[in-house]
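These notes are about the structure you will find just below.
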Amino acid sequence: MSLVEVLGYYKLTTEEKTALEALFAELTVLYPNVEVFRIATDLRQQKSVSVSDALIAATALYHNLTLATQHR
């Protein structure tokens, strides 16, 4: 979802998009699986969180990764 959120931003300039695409090309993309969707569903049932934020958090939890965010 982060890739969609970042590259899908409607005010993104061509230069910004090119730079961000280059950045994402260097990163490992983690695709959700059934377990990630289950965790995301559980998170949304526990707290008021957007679908995209729940998927990002669930992916981090599933892969035992640290999630850095400004969201509370």
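The values are calculated or read from the model by the stated rules, or taken from the named source; none is laboratory data. Everything numeric here is computed off the predicted structure, so don't read it as measured data. Neighbour counts run over all protein chains shown; Cβ positions are idealised from the backbone, glycine included.
Residues that are modelled with pLDDT of 95 or more and of a type in the set (Lys, Arg) within the range 41-72 comprise just one, Arg44. Selection of first residues in the range 53-64 that are hydroxyl-bearing (Ser, Thr, Tyr) and of second residues that are assigned to a helix (DSSP H, G or I), restricted to Cβ pairs under 7 Å at least 6 apart or on distinct chains, gives the following pairs, ordered by first then second residue: Thr59/Val36; Tyr62/Glu35; Tyr62/Val36; Tyr62/Ile39.
For the range 42-59, the criterion of being crowded, with 17+ Cβ neighbours inside 10 Å, out of contact with any helix residue (DSSP H, G or I) (no Cβ under 8 Å at 6 or more places or on another chain) and in a helix (DSSP H, G or I) is met by at least one residue. If the condition is being surrounded by 13 or more Cβ atoms within 10 Å (Cβ to Cβ) and of a type in the set (Ser, Thr, Tyr), then the range 1-39 contributes only Ser2.
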